[in-house]
Amino acid sequence: MSVVSEPETEAESLNVLCAICNEFYNANDIIYSTSSCGHIFHLGCLNRWLRRSTTCPQCRAVCHRQRIHRIYLNFAARSHNDDNDVERLPIQWVPIDLSDPSVAIELDGAIQSGSTPQGYDTYVARAYYQEDLLPGGYVPQARAVFASHGCHARQLNSIVDLLILTDCEYKWETSQNGQVPTNALVAGYSELGEVLYTGRGVHQGHTILGKVHPSHRVLYMPYNDQEVSARTYEVLVVIPKEQAER
């Protein structure tokens, strides 16, 4: 009597598996990715791991519970549409590994605003520090993002996100005391989960990119080695052109 084996599941045929449990993903699984290194796991597996560790289970890069996000894998058969160019999103935070000197960084679509005390241009960016995702300014000459945290300026040069806009209008709107205008760009979060926004202010004659911290009622900015603040500041507002034309 011949034995008929059961057909492989679509997930198994794709050879996509969780590095924690070594089980193949099914189409109805909840799958999460780490923000810093991009490795993927079952949500349940990853949550259990992060209860006792602050590193990625696969590569041991720094990873915290707030630095993971859900992804959706495509288990469908390949179609001719897969060969089409993917349309660029109007607002993208593009991850860059600044620790790799071979990585070329394209500034097309980036927002230049402000400068460092040394006179170098800064571009809207954000970076992880401890449990926070901090809005700040990317400085090409230093290959680093400068942000503020805990009364100090921080120079961050590992995995950072550079803001890239496509077919968008943006402006800087004046605000104060932790308030932000409609359509203010959400750019990060604090260790307590509070949303942070990209802002800019003036200190010692320099326009500096920083973070608007609503509950603290100020804009925080990195200046030399210090974290300085301002009650009045400008907030980055971004509107895709399709939305602006309605």
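Only the coordinates and a few stated rules stand behind these numbers; no lab work does. Because the structure is predicted, anything quoted here is derived from the model rather than measured. Heads up, the Cβs are rebuilt from the backbone with ideal geometry, glycines too, and the neighbour counts pull from every protein chain shown.
Charges only on Cβ, +1 for Lys and Arg, -1 for Asp and Glu: so what's the dipole of the stretch 10-71 about the Cα centre, in debye to the nearest 20? Please report the intermediate quantities before stating the final value.
Working: 7 positive and 4 negative charges, 109 e Å.
My answer is approximately 520 debye.
Sequentially through the stretch 169-185, phi angles give Karplus couplings (6.51, -1.76, 1.60; θ = phi - 60°) of 9, 9, 7, 10, 10, 5, 8, 7, 6, x, 7, 9, x, 4, 6, 4, 7 Hz, Gly and Pro residues having no value and appearing as x. Give the distance, in whole Å, between the Cα centre of the stretch 181-246 and the Cα centre of the stretch 115-153. Centre-to-centre (Cα) distance: 12 Å. Toward the positive end of the charge dipole of the chain, with +1 on the Cβ of Lys and Arg and -1 on the Cβ of Asp and Glu, the farthest Cα among Trp49, Pro135, Gln176 is that of Gln176. Note: the stretch 15-157, Cα convex hull, 149 Å³ per residue. Convex hull volume of the C-alpha atoms in the stretch 119-238, normalised per residue: 102 Å³. Averaging 1/r across all pairs of distinct Cα atoms in the stretch 14-67 and inverting the result yields a Kirkwood radius of 11.2 Å.
To the nearest 20 Debye, how big is the dipole of the chain about its Cα centre, given +1 on the beta carbon of each Lys and Arg and -1 on that of each Asp and Glu? Write down the numbers at each step before the final one.
Values: 19 positive and 28 negative charges, 220 e Å.
Once rounded to the nearest 20, the dipole reads 1060 debye.
Scanning residues 5 or more positions from Arg154 or on other chains, those with amide H under 5 Å from its amide H are Ala147, Ser148, His149, with H placed 1.01 Å from N in the peptide plane.
For percent of Cα pairs over 24 Å apart, several values are listed as [x] 51; [y] 43; [z] 55; flag the one computed from this structure. Comparing each candidate, only [z] matches the computed number.
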